[in-house]
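Report on the following structure.
The values are calculated or read from the model by the stated rules, or taken from the named source; none is laboratory data. Owing to the predicted nature of the structure, the values given are computational and were not obtained by experimental measurement. Neighbour counts are summed over all protein chains in view; Cβ atoms, including those assigned to glycine, are modelled from backbone coordinates with ideal geometry.
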Amino acid sequence: MRDALMLLAALIASLAGMGWFALSMETHWAQVRGAVPQPAALARQLRGLGTAALATALVLCLLADSASIAVLVWLMALAAAALAVAFTLTWRARILAVLVFWAGR
C-alpha cells in the first residue's frame, strides 16, 4: 500500500512538473491566464518548480521500486503527464490555472 501511494504521489508530481514547465512558456501562459502578463522572474520560478517536481517524482519512484523498474516507471509517468498536460492545454487550458494560484489575477 505504501508503494502504491508513493507511485501515486510520483504521478501527481509529474503532472504538476509538466504543467509548470508548460506554463513557463509564453504561449501556454496566454492560453491559461489570458492577457495577464508573465514576468520573467515567474517564468524562471515555474521552470525551477517543474525541475523540482520531476526530481521529486524520480525520488518517489526510486523509494517505491528497485532502480531499474523505478526509472522505467518514472519515464512512463513523465510521458503520461506530458500527454495529460497537452490534452488539457488543448481542451480546457484554464484548468491549469490552479498550478499558479499565487500569481494573482
Segments classed as helices (runs of 4 or more DSSP H), wholly inside segment 1-72, with at least 1 members that are over 21 Å from Ala97 (Cα atoms) and in contact (Cβ under 8 Å) with a residue 60 or more places away in the chain: 2-23, 40-64
Criterion violated by Ala55 - all others in (1) over 20 Å from Ala80 (Cβ atoms); (2) hydrophobic (A, V, I, L, M, F, W, C); (3) surrounded by fewer than 16 Cβ atoms within 10 Å (Cβ to Cβ) satisfied: (1)
Residue among Ala41, Ala84, Ala30 that is among the aliphatic types (A, V, I, L, M) and under 19 Å from Leu8 (Cβ atoms): Ala84
So Ala97, is it part of a helix (DSSP H, G or I), surrounded by 11 or more Cβ atoms within 10 Å (Cβ to Cβ) and at pLDDT 95 or above: no
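Within segment 41-84, take every residue that is charged (D, E, K, R) and modelled with pLDDT of 95 or more and give me the one that is farthest from the chain's Cα centre (by Cα). Walk me through it before giving the result.
Kept after step one, since they are charged (D, E, K, R), are these residues of segment 41-84: 44, 47, 65.
When the remaining residues are screened for being modelled with pLDDT of 95 or more, the result is 44, 47.
Numbers: Arg44: 15, Arg47: 10 Å.
Top of the filtered list is Arg44.
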Qualifying residue in segment 85-93 (condition: out of contact with any Phe, Trp or Tyr (no Cβ under 8 Å at 6 or more places or on another chain), assigned to a helix (DSSP H, G or I) and basic (Lys, Arg)): no
Every pair of residues 6+ apart whose Cβ atoms lie under 8 Å, when the first sits in segment 73-100 and is within 23 Å of Leu60 (Cα to Cα) while the second is outside any helix (DSSP H, G or I) and modelled with pLDDT under 95: Val73/Asp65
